[in-house]
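Student: Just dropping this structure here.
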Amino acid sequence: SGKESLPIIEGGKGIAVSSGESSGAWAKAGGVGTFSGVNADSYDEEGNLIPQIYKQKTRSGRHKELIDFSVSGAIEQAKIARDIAGSKAPIHINILWEMAAAEEILTRTLEKASNIIDGVTCGAGMPYKLSEISASYGVYYYPIVSSARAFNALWKRSYRKTSEYLGGVVYEDPWLAGGHNGLSNSEDPEKPQDPYPRVKDLRKLMNQFDLNEIPIIMAGGVWNLSEWSNWINNPDLGSIAFQFGTRPLLTEESPISDEWKKRLLNIKPGEVSLHKFSPTGFYSSAVRNDFLKELEDNEKDSS
């Protein structure tokens with residue numbers, strides 16, 4: 001995003017989890033900080049959390065309140081991150097394209113904060129208009145894809161028109177990443193594929209579009225860079241960076257509870273569930289709890 005940093009990026013996690021404090025600290029330490037623009041928290045003049053209480057009686061009225069909350073929260077977290085990180089560190093916002101009114105929320109946020117937000121990371125769907133909105137405010141954009149095929153569609157339909165603001169392409173592995181995952185109908189959730197050939201195919205496609213210098217950001221399952229040594233300085237992959245989603249949750253700056261942090265530190269093999277219970281229609285990866293077990297049992301009974 002036009003600023004020097006380590007090729008280590010904080011993955012944005014929504015619902016007030018990737019906050020300005022978390023992303024600001026990450027960026028201050030030398031990486032790319034990413035706060036979430038999905039239902040972000042905002043505060044009053046005394047620094048107290050403003051509860052998201054809906055007062056309108058109609059569905060359309062409450063929808064407008066939701067958008068207003070989202071915009072004010074995103075701007076608030078951008079300011080917090082920038083104050084912590086300083087002016088030279090890259091700060092990104094993460095947006096879910098399939099969330100309600102994503103285009104309006106992103107547009108209104110950049111109207112007020114494009115001077116302190118350097119990049120927009122966006123996935124959970126096919127964000128065709130991401131490039132147009134970001135470029136209109138001089139902000140770099142980072143689409144999240146899970147295959148070369150998905151990026152090909154985005155490029156040909158819209159991204160080729162604003163390629164100068166394409167900051168990078170995030171490859172989010174549909175079997176290894178947390179949160180919502182982009183598994184296609186042709187892919188088996190029970191049979192994970194090696195990410196290397198998939199990212200190699202993505203780079204080959206990008207090179208066809210003269211995007212040789214645009215970095216690919218590997219996201220999902222990244223814990224230690226030593227496990228990815230064959231990816232670094234690899235001519236088949238080109239410029240590569242790595243996104244950490246779970247590890248920042250365990251930092252002092254992370255706003256999640258100590259109970260959640262302890263749970264994450266003690267996860268055992270088999271305790272993460274890749275399931276299809278999300279109301280978004282996407283597969284989702286989460287720590288298996290009693291609620292997920294109940295849903296899994298219900299599915300077995302119905303089948």
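The values are calculated or read from the model by the stated rules, or taken from the named source; none is laboratory data. Predicted, not measured: the structure shown is a model, and the values here were computed from it. Using ideal geometry, Cβ is built from the backbone for each residue, glycine included, and neighbour counts are taken over all protein chains shown. What goes into the accessible areas is simple: the full protein's heavy atoms, side chains included, and nothing from ligands, DNA or RNA. Shrake-Rupley method; radii C 1.70, N 1.55, O 1.52, S 1.80 Å.
Student: Select from the stretch 200-222 the residues that are touching a residue at least 40 places away in the same chain (Cβ under 8 Å), in a helix (DSSP H, G or I) and open to solvent by less than 80 Å² (accessible area, probe 1.4 Å) and list them in ascending order.
Tutor: Residues satisfying the conditions are Leu202, Leu205, Met206.
Student: Scanning for something of a type outside the set (S, T, N, Q) and not in a helix (DSSP H, G or I), does the stretch 289-300 turn up at least one residue?
Tutor: No, the stretch 289-300 has no match at all.
Student: Which strands (runs of 3 or more DSSP E) sit wholly inside the stretch 1-115 and have at least 3 residues that are free of Cβ contacts under 8 Å to residues at least 60 places away in the same chain?
Tutor: 33-36
Student: Also, quick follow-up: What are the residue pairs meeting all of these: first residue in the stretch 120-131, first residue farther than 13 Å from His180 by Cβ and outside any loop (DSSP other than H, G, I, E, B), second residue small (Gly, Ala, Ser) and at pLDDT below 90, Cβ atoms under 7 Å, and 6 or more apart or on different chains?
Tutor: Within 7 Å, the pairs are Thr121/Gly12.
Student: Taking the stretch 231-260 only, how many residues are polar (S, T, N, Q), out of contact with any Asp or Glu (no Cβ under 7 Å at 6 or more places or on another chain) and either part of a strand (DSSP E or B) or touching a residue at least 12 places away in the same chain (Cβ under 8 Å) (or both)?
Tutor: 4
Student: Residue by residue through the stretch 142-196, note down the ones that are part of a loop (DSSP other than H, G, I, E, B), open to solvent by less than 60 Å² (accessible area, probe 1.4 Å), modelled with pLDDT of 85 or more and of a type in the set (D, E, K, R).
Tutor: Asp173
Student: With respect to Pro279, is the statement that it is at pLDDT 90 or above, over 24 Å from Gly33 (Cβ atoms) and part of a loop (DSSP other than H, G, I, E, B) true?
Tutor: When the stated conditions are applied, Pro279 does not pass them.
Student: Could you figure out which of (1) at pLDDT 95 or above; (2) β-branched (Val, Ile, Thr); (3) within 17 Å of Ser239 (Cβ to Cβ) isn't true of Val139?
Tutor: It is condition (3) that Val139 fails.
Student: Just one of Ala16, Ala29, Ala25, Ala40 is surrounded by fewer than 19 Cβ atoms within 10 Å (Cβ to Cβ) and either within 13 Å of the chain's Cα centre (by Cα) or among the small types (Gly, Ala, Ser) (or both); which is it?
Tutor: Ala29
Student: In the stretch 132-141, which residues are open to solvent by 30 Å² or more (accessible area, probe 1.4 Å) and either part of a strand (DSSP E or B) or under 14 Å from Thr34 (Cα atoms) (or both)?
Tutor: Answer for the stretch 132-141, where residues must be open to solvent by 30 Å² or more (accessible area, probe 1.4 Å) and either part of a strand (DSSP E or B) or under 14 Å from Thr34 (Cα atoms) (or both): just Tyr140.
Student: When the stretch 258-276 is examined, which residues are found to be open to solvent by less than 60 Å² (accessible area, probe 1.4 Å) and in contact with a helix residue (DSSP H, G or I) (Cβ under 9 Å, 6 or more places away or on another chain)?
Tutor: Scanning the stretch 258-276 gives Lys261, Leu264, Ser273, His275.
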